[in-house]
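First comes the structure, then the notes that go with it.
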Amino acid sequence: MEIGFGLVKILVGAYALLVIILTGKAKQLAPFTATETRSQRAFSVVIVYRDEAHNLPALLASLSHIQYPKNLIELLFINDGSTDQSADIIHKWRLQEHLFDVTLMDAVRMGQSPKKEAITRALTVARFDWVVTTDADCSLPPRFFDLLNNYLEQQPNARLVAGPVGYRADENPFADLQHHQNAALLAVTMAGFADENPWLGQGGNLCFSKNSFHEINGYQKHLDCASGDDVFLIQEMHAQFPGSCHYVVHPGYVVQTAPLSDIYDFLNQQIRWASKSKKYPSAKIKWMGLLVAAVNMGLVAIMLAWWLGYTTGFIVLALWAVKIMFDSLLMWVPMRRKLIRSSIPWFSGWLYPWMATAIIPAVLWGTFTWKGSSYQS
């Protein structure tokens, strides 16, 4: 038992060191300051949706309030087999909103990666070189395209630009857990971009050059993975064009999304996210993932040992408290930059290791459900 406690102490210490390093890197990513622009770029916006009737009104309302010439924005909606009223909602909005050029398409499923296939299909008809992807459950801030255009003018070498996605405030039991997990992921994402070695990003807020996409053969290398249209594109773009991937740190550039309220959907999302990490090309990222998984499993194990009477609670609670304290340190970076709302992970910090440990068997040997279809982890 003492050996087990000693191992967990070492793991927590290593995790604390990793967090300090990542926090320091993330802080180096300077906030973006907009300046006067000389020109305005055009953007093709790709939105893949499936049974999103309850989320689409918020997205469409946000598009209606965009503060950018709407003739420089085309919207490409790809229907991935919806069975609800999603397509009707978009069609009705298109008739009411006459300023946008809107194209409605149906996805053609051919393999195990429907979203990547849908985005690739949309690019065959996209009129503009700069492509923005977002999700049907997101909403864009009014200055999104103005800030993006401004950033591209200041960074002429950019081929891909990523940005933050935050969760709307919600009263469902898993909202805080998702918010704090997202805060940590944002900090890790910022650290990667600051280190000029980006490995994470979010498809709800991603922009890339269509020509550059074709130069790297798009998603061709990763069509065997159901998700990852964001992270694999970032990693591949960076590999082919080092220094061309950028991240916008600005509170007016944050895309908002709704937290999941169904525990089944939430767990499947976690399994899907963890499963694609097995295909990351970077050994460093895989070792980081293994360390985080080991820390979570170790904390759960010593908590169970305490409950079973094998040890006293002081050391157990102290190790858990250290983990939560360093989690808060990591989350502090995007919160301080006002990319997401500020809060302390009192409850989620105790819940997350249990959830992360529970899904490990499914990540290694099971399946997950996404958009009504089952996939091998």
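For residues that are of a type in the set (Ser, Thr, Tyr) and modelled with pLDDT under 70, scanning just segment 339-372, find the one that is nearest to LEU140 (Cα to Cα).
The extreme case among them is THR369.
Where residues in segment 193-208 are surrounded by 21 or more Cβ atoms within 10 Å (Cβ to Cβ) and at pLDDT 90 or above, which of them is nearest to VAL254 (Cα to Cα)?
ASN205
Take the residues of segment 117-137 that are open to solvent by 40 Å² or more (accessible area, probe 1.4 Å) and among the β-branched types (Val, Ile, Thr): which is nearest to GLY81 (Cα to Cα)?
Within segment 117-137, the match that is nearest to GLY81 (Cα to Cα) is THR120.
Residue by residue through segment 25-38, note down the ones that are at pLDDT 85 or above and open to solvent by 30 Å² or more (accessible area, probe 1.4 Å).
LYS25, LYS27, GLN28, ALA30, PRO31, THR33, ALA34, THR35
In this structure, does LYS9 turn out to be part of a helix (DSSP H, G or I), in contact with an Asp or Glu (Cβ under 7 Å, 6 or more places away or on another chain) and either touching a residue at least 40 places away in the same chain (Cβ under 8 Å) or not charged (D, E, K, R) (or both)?
So LYS9 does not fit the description; no.
Could you check segment 283-326 and list, in sequence order, the residues that are of a type in the set (S, T, N, Q) and open to solvent by 70 Å² or more (accessible area, probe 1.4 Å)?
THR312
Hey, among PRO242, PRO281, which residue is assigned to a loop (DSSP other than H, G, I, E, B) and at pLDDT 90 or above?
On the way: PRO281 fails: at pLDDT 90 or above.
Just a single option satisfies the conditions, and that option is PRO242.
Out of curiosity, is SER64 open to solvent by less than 10 Å² (accessible area, probe 1.4 Å) and of a type in the set (Gly, Ala, Ser)?
no
Quick test for you: out of PHE145, PHE174, pick the one residue that is open to solvent by less than 10 Å² (accessible area, probe 1.4 Å) and hydrophobic (A, V, I, L, M, F, W, C).
PHE145
With the structure loaded, tell me whether ALA169 is surrounded by fewer than 19 Cβ atoms within 10 Å (Cβ to Cβ), under 30 Å from ILE20 (Cβ atoms), modelled with pLDDT under 95 and under 18 Å from the mean Cα position of the chain (by Cα) or whether it fails that test.
Considered against the rule, which asks whether it is surrounded by fewer than 19 Cβ atoms within 10 Å (Cβ to Cβ), under 30 Å from ILE20 (Cβ atoms), modelled with pLDDT under 95 and under 18 Å from the mean Cα position of the chain (by Cα), ALA169 comes out as yes.
Can you tell me which residue is surrounded by the most Cβ atoms within 10 Å (Cβ to Cβ) among those in segment 76-108 that are hydrophobic (A, V, I, L, M, F, W, C) and out of contact with any helix residue (DSSP H, G or I) (no Cβ under 7 Å at 6 or more places or on another chain)?
For segment 76-108, the residue satisfying everything is ALA87.
The values are calculated or read from the model by the stated rules, or taken from the named source; none is laboratory data. As the structure is a prediction and not an experimental result, all values here were calculated from the model. FYI the Cβ positions are ideal-geometry reconstructions off the backbone, even for glycines, and counts take in every protein chain you see. What goes into the accessible areas is simple: the full protein's heavy atoms, side chains included, and nothing from ligands, DNA or RNA. Shrake-Rupley method; radii C 1.70, N 1.55, O 1.52, S 1.80 Å.
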